[in-house]
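All remarks here apply to the structure that follows.
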Amino acid sequence: MLPPHVVLGTAYYPEYLPRSLGDRVPTDLDLMVAAGITAIRVGESVWSTWEPRDGVFDLEWIRPVLDDARDREIGVILGTPTYAVPPWLQRAHPEIAAERHTGVPVPWGIRQEIDYGQPAFLFHAERMVRRIVERYRDHPAVIGYQVDNEPGVLLAHNSAAFSDFVARLRRTYGEVEALNEAWGLTYWSHRLSDWSELWRPDGNSTPSYDLAWRRFQAARTSEFIGWQASLLRGLRRPGQFVTTCLAYDRPAVADVPLTSQLDVAAGNIYVDVQDGLARPGDPSRVEPGWIGRSVAELFLAADRVYGSRGEPFLVTETNATSIGGSHQNRPPYDGQLRQLAWAMVSRGARMVEYWHWHSIHHGAETFWGGILGHGLEPGRVYREIAAIGAELAAAGSSVVDLTPDVDVAVLWSNESDWAMQCQPPLATRGGIPDKASYRTIVEAFYTGILDAGLRPGVVPVERLEAALAAPVVVAAGLYVASDAVLDRLVSYARDGGHLIVGPRTGYADLEARPRAEVAPPRLREAAGMAYQEFENLESAMPVSGLDGHATRWAETLLVGDADVLASYEHPTGRRPIVTIKRFGAGRVTYVGTVPDRALAAALYGESRLWAPSVTALSAVNAAGERLWFVHNWSGTAVVVEPPMAVVPLVPVESGQVTLARVELGPWDVRVLKEAQ
């Protein structure tokens, strides 16, 4: 059970340290206590240490760490080591190797090389997990468990996986003729006469097949994590939680069904720092990746973890200093770690855990920096994290279990992301299909919310009703959508909501088949417009009527009873690109392009931005108090005048004087409480 304050934590691997250093555990844990670190994650990466030979277990090596943590009131999150199997297991059972392509096993020597549907793997994994948990569940330091680590890293093409895939298709569709119709297998003579004729996914070109394969792989990941979580629930002592750490960009992850099987959602949030955090920053697009490359991507990542269950979450890994390979050395500027921590807390984080405590002296991640560098002496990074620890302790329960305020809810669809990876609508500057098309579209609309000074939220489409509680809902890039979802969006607008629809929304059904109706399907009447043609834009096109540019994509809008908000100059003449229509008690805005930052911000109306470099987001705590988290994302000090009465919460100041002006230093953050 987590304590009644936001936890500052770190992954801790004393087993990785050179033995010549002797026992550093007491020294390390004392340094953690001094920095306000109250939780550590241990043990998830070293199955070969727990079980050096088949059936030969060494469970006592971790005991001194747990004992010393208990003595210092540091909670321990104990990891199950199933993502990094020992050499003896892969030698004894080579069939457990995952295949990225049919018949081609992943070479051993990294991690997560296994197909976790293999019976031999599951047998040994269960035996290992049982031994660890039965040995340490009653240790008072253990507050919870992390099962596995960043699951869903690959799509396993093993024969057993493919056979399971076919079996599930048979249960779903019944007769093979139903599959032929659903997937359109008449095309290119792909019609099946028997289930045995279904081809392997390696050479597949059918979009419906690809989407079904991605759904299947994500379901396997959820089932594997759910299996471990269920096992842990039968073994743990009362009060201990079960989670896993998700990397949300993994190809075989669907976060909503996966996290529904856990006690709390947890994610890894890594962010490019230094000038990557500058606002307004460079407006040029950078292809999304596993590292958030802007303030908007930082908040979006945190909102996705919150959105998985719609409740506070854990950050199981985040930057301590430089992250990535030996060539990626970008330590944060002074103040930026503090900014990141409070940004994640503002979106509902109950724990901020750094990966990792000390820089590792060997292995693939040698230069992925820890709180302590290779010299193991406290330095600038340690001191800043200690300052964060002191502020979290001072804030106490007032920043726990926050519910972020949301002005604009952005829908997220994993299935639309998968479908656009198969058939990307956008191209890179070299004309190559852009597999990040979905994220590019969604992030454009999300970034505009921040640039307008509003408060964003991200809600998975599986939790649609939660999104519809917001006054404005964005459905952009929602390519794969059911009739029921589209109809519910229409009723939301009719009942008084403001629905903003972006490119490709509703274009395909749940089989990734384009709907046989004029676009935007099922939304046409509510939007008061239609389109039949679309094109890629070679360069950004300035718009009139609103600020900004249309970029990368343009739909040829045929305006009915909507009003034109913005147009752009096409070589064949002026064309509308943004429309709006009053619909029932609400409105529908249609955006037929990927908006740049200025155009995206303009979609939400008059700006409420406190200052160009400043974000001001709010959340309500368990006591009903509204807190404002005000960040200055620049190296220049600014002064802002809050539009509401506020008192300081962090940094702690004497008295509770209402602030008319708030001073923010370079790369600074203030936490303010709205006066009641």
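The values are calculated or read from the model by the stated rules, or taken from the named source; none is laboratory data. Note that the coordinates shown come from a computational prediction; the quantities given were computed from them, not determined experimentally. When we count neighbours, we look across all protein chains shown, and the Cβ atoms used for this are built from the backbone with ideal geometry, even at glycine.
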Which one of these is farther than 28 Å from Arg131 by Cβ and over 15 Å from the mean Cα position of the chain (by Cα): Gln228, Gln274, Gln240, Gln261? Gln274
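Go through the range 98-149 and count every residue that is among the aromatic types (Phe, Trp, Tyr) and at pLDDT 95 or above.
4
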Test: residue in the range 228-244 that is polar (S, T, N, Q), closer than 26 Å to Ile449 by Cα, crowded, with 22+ Cβ neighbours inside 10 Å and touching a residue at least 60 places away in the same chain (Cβ under 8 Å): no
Qualifying position, being surrounded by fewer than 20 Cβ atoms within 10 Å (Cβ to Cβ), out of contact with any helix residue (DSSP H, G or I) (no Cβ under 7 Å at 6 or more places or on another chain), of a type in the set (A, V, I, L, M) and modelled with pLDDT of 95 or more, among Ala466, Ala387: Ala466
Residue satisfying all of: in the range 27-53; surrounded by 19 or more Cβ atoms within 10 Å (Cβ to Cβ) and among the charged types (D, E, K, R); farthest from Ala125 (Cα to Cα) among these: Asp28
Outside any strand (DSSP E or B), out of contact with any strand residue (DSSP E or B) (no Cβ under 7 Å at 6 or more places or on another chain) and surrounded by 15 or more Cβ atoms within 10 Å (Cβ to Cβ): does that describe Glu511? yes
All conditions in (1) within 26 Å of Gly324 (Cβ to Cβ); (2) not in a helix (DSSP H, G or I) are true of Asp275 except (2)
Among (1) modelled with pLDDT of 95 or more; (2) in a strand (DSSP E or B); (3) over 30 Å from Glu674 (Cα atoms), there is one condition Glu569 misses while meeting the rest; what is its number? (1)
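Just to check your reading of the model, which residue among Val657, Val620, Val639 is surrounded by fewer than 19 Cβ atoms within 10 Å (Cβ to Cβ) and in contact with a Ser or Thr (Cβ under 6 Å, 6 or more places away or on another chain)? Walk me through how you get there before you give the answer.
Working: Val657 fails: in contact with a Ser or Thr (Cβ under 6 Å, 6 or more places away or on another chain); Val639 fails: in contact with a Ser or Thr (Cβ under 6 Å, 6 or more places away or on another chain).
Only one candidate qualifies: Val620.
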Is there a residue in the range 106-126 that is in contact (Cβ under 8 Å) with a residue 40 or more places away in the chain and loosely packed, with under 14 Cβ neighbours inside 10 Å? yes
Scanning the range 516-535 residue by residue, those outside any loop (DSSP other than H, G, I, E, B), surrounded by fewer than 24 Cβ atoms within 10 Å (Cβ to Cβ) and in contact with a helix residue (DSSP H, G or I) (Cβ under 7 Å, 6 or more places away or on another chain) turn out to be Ala530
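Working carefully through the options Val352, Val315, Val399, find the one that is over 27 Å from Ala84 (Cβ atoms) and under 23 Å from the mean Cα position of the chain (by Cα).
On the way: Val352 fails: over 27 Å from Ala84 (Cβ atoms); Val315 fails: over 27 Å from Ala84 (Cβ atoms).
Answer to the check: Val399.
Restricting attention to the range 245-257, which residues are in contact with a strand residue (DSSP E or B) (Cβ under 7 Å, 6 or more places away or on another chain) and in contact (Cβ under 8 Å) with a residue 60 or more places away in the chain? Talk me through it step by step, then tell me what you get.
First, pick out the residues of the range 245-257 that are in contact with a strand residue (DSSP E or B) (Cβ under 7 Å, 6 or more places away or on another chain): 245-248, 253, 255-256.
Those that are in contact with a strand residue (DSSP E or B) (Cβ under 7 Å, 6 or more places away or on another chain) and in contact (Cβ under 8 Å) with a residue 60 or more places away in the chain: Cys245, Leu246, Ala247, Val253, Asp255, Val256.
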Determine whether Gly152 is on the phi > 0 side of the Ramachandran plot and either aromatic (Phe, Trp, Tyr) or surrounded by 15 or more Cβ atoms within 10 Å (Cβ to Cβ) (or both). yes
For the range 29-44, enumerate the residues that are under 12 Å from Pro378 (Cβ atoms) and of a type in the set (Gly, Ala, Ser). Ala34, Ala35
Looking at (1) assigned by TED's automatic domain parsing to the domain that holds Asp668; (2) over 13 Å from Gly453 (Cα atoms); (3) hydroxyl-bearing (Ser, Thr, Tyr), can you tell me which one Ser618 breaks? (2)
Got at least one residue in the range 337-357 being in contact with a Phe, Trp or Tyr (Cβ under 6 Å, 6 or more places away or on another chain), over 30 Å from Thr636 (Cβ atoms) and in contact (Cβ under 8 Å) with a residue 12 or more places away in the chain? yes
Within the range 196-223, work out how many residues are assigned to a loop (DSSP other than H, G, I, E, B) and modelled with pLDDT under 95. 0
Residue check: is Leu78 in a strand (DSSP E or B), surrounded by 18 or more Cβ atoms within 10 Å (Cβ to Cβ) and either at positive phi or of a type outside the set (Lys, Arg) (or both)? yes
Residue tally, condition surrounded by fewer than 19 Cβ atoms within 10 Å (Cβ to Cβ), among the aliphatic types (A, V, I, L, M) and over 25 Å from the mean Cα position of the chain (by Cα), over the range 357-384: 2
Take the conditions charged (D, E, K, R) and either more than 16 Å from Val166 (Cβ to Cβ) or in the same structural domain as Arg513 (by TED's automatic domain parsing) (or both) and apply them to Arg200. Does it pass? no
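Is it true that Glu538 is modelled with pLDDT of 95 or more and not in a strand (DSSP E or B)?
Spelling it out, it is not the case that Glu538 is modelled with pLDDT of 95 or more and not in a strand (DSSP E or B).
With the requirement that a residue be aromatic (Phe, Trp, Tyr) and either touching a helix residue (DSSP H, G or I) at 6+ places or on another chain (Cβ under 6 Å) or outside the structural domain of Val594 (by TED's automatic domain parsing) (or both), what does the range 405-427 give you? Walk me through it before giving the result.
Going residue by residue through the range 405-427, those that are aromatic (Phe, Trp, Tyr) are 412, 418.
Correct list: Trp418 only.
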Scanning the range 165-191 for residues that are among the hydroxyl-bearing types (Ser, Thr, Tyr) and part of a helix (DSSP H, G or I), which turns out surrounded by the fewest Cβ atoms within 10 Å (Cβ to Cβ)? Ser189
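So, Asp509, is that one charged (D, E, K, R), free of Cβ contacts under 8 Å to residues at least 60 places away in the same chain and under 24 Å from Gly453 (Cα atoms) or not?
Numbers: charged (D, E, K, R): yes; free of Cβ contacts under 8 Å to residues at least 60 places away in the same chain: yes; under 24 Å from Gly453 (Cα atoms): no.
The answer is no for Asp509.
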Identity of the residue in the range 111-164, among the polar types (S, T, N, Q), assigned by TED's automatic domain parsing to the domain that holds Arg70 and not in a strand (DSSP E or B), that ends up farthest from Ala247 (Cα to Cα): Gln118
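When you scan the range 364-383, do you find a residue that is within 25 Å of Gly457 (Cβ to Cβ), assigned to a helix (DSSP H, G or I) and either out of contact with any helix residue (DSSP H, G or I) (no Cβ under 9 Å at 6 or more places or on another chain) or touching a residue at least 12 places away in the same chain (Cβ under 8 Å) (or both), even just one?
Of the range 364-383, the ones within 25 Å of Gly457 (Cβ to Cβ) are none.
No, every residue in the range 364-383 fails to be within 25 Å of Gly457 (Cβ to Cβ), assigned to a helix (DSSP H, G or I) and either out of contact with any helix residue (DSSP H, G or I) (no Cβ under 9 Å at 6 or more places or on another chain) or touching a residue at least 12 places away in the same chain (Cβ under 8 Å) (or both).
Can you spot a residue in the range 21-29 that is closer than 21 Å to Gln240 by Cβ and either among the basic types (Lys, Arg) or outside any loop (DSSP other than H, G, I, E, B) (or both)?
Our first condition is that a residue be closer than 21 Å to Gln240 by Cβ; within the range 21-29, this holds for 29.
Checking which are either among the basic types (Lys, Arg) or outside any loop (DSSP other than H, G, I, E, B) (or both) leaves us with 29.
The answer is yes, given that some residue of the range 21-29 is closer than 21 Å to Gln240 by Cβ and either among the basic types (Lys, Arg) or outside any loop (DSSP other than H, G, I, E, B) (or both).
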